[in-house]
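Presented below is the structure to which this report refers.
The values are calculated or read from the model by the stated rules, or taken from the named source; none is laboratory data. On a predicted model such as this, the values are computed, not experimentally measured, just so you know. Backbone-built Cβ (ideal geometry, glycine too); neighbour counts: all protein chains shown.
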Amino acid sequence: MTSTTGTTGTPPSSGLAPEIAARLKRSADGLLPAIAQQYDTGEVLMLGWMDDEALHRTLTTGRCTYWSRSRQEYWVKGDTSGHFQWVKSVALDCDADTVLVKVDQVGAACHTGDRTCFDADVLRRDGAGSGVPSSDQ
Ligand SMILES: [Zn+2]
């Protein structure tokens, strides 16, 4: 790979393609929220954080790689749990400040053992036989 440094102001030392890196709108700590979604069912599985290198590894290894804000290190989903996320597609949202990773999730996405991180704490649920009309469906 030949390195051409045509752009100024791009973050250093990640393998991420410069044309992608230049478009990212990162948070103050240099991270993007990354939503993992089951590619075939549409389940929203979890949310993690990626910096440029984590995004690069996710794109190139085919396994979701996140940056742990608490441990300050990269982690590959499944390395300790076996609950891998095999990457099917990666997309930026319209503002280039959020990553959507469609994956094939092995086992539970949440470290608690739940299928998704959003199973256990539902704040509101409409249309569960309560007579609340759901106009859209
Ligand atoms: Zn969780």
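Among the residues examined, Gly82 qualifies as surrounded by fewer than 21 Cβ atoms within 10 Å (Cβ to Cβ) and either at pLDDT 95 or above or touching a strand residue (DSSP E or B) at 6+ places or on another chain (Cβ under 7 Å) (or both).
Quick grid of which residues meet (1) among the β-branched types (Val, Ile, Thr); (2) surrounded by 15 or more Cβ atoms within 10 Å (Cβ to Cβ); (3) on the phi < 0 side of the Ramachandran plot:
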| residue | (1), (2), (3) |
| --- | --- |
| Thr41 | yes, no, yes |
| Thr58 | yes, yes, yes |
| Ser70 | no, no, yes |
| Glu73 | no, no, yes |
| Val90 | yes, yes, yes |
| Ala96 | no, no, no |
| Asp121 | no, no, yes |
| Arg125 | no, no, yes |
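Based on this model, can you work out whether Val122 counts as farther than 26 Å from Ala17 by Cα, in contact (Cβ under 8 Å) with a residue 24 or more places away in the chain, within 16 Å of the ligand (Cβ to nearest atom) and of a type in the set (A, V, I, L, M)? Judged against the criteria, Val122 is not a match.
Output the residue which, of all residues in segment 100-109 that are part of a loop (DSSP other than H, G, I, E, B) and surrounded by fewer than 16 Cβ atoms within 10 Å (Cβ to Cβ), is nearest to the ligand (Cβ to nearest atom).
Applying the first criterion (part of a loop (DSSP other than H, G, I, E, B)) to segment 100-109 yields 106-109.
Pick out the ones that are also surrounded by fewer than 16 Cβ atoms within 10 Å (Cβ to Cβ) and you get 106-107.
Values: Val106: 15, Gly107: 13 Å.
Filtering first and then ranking leaves Gly107.
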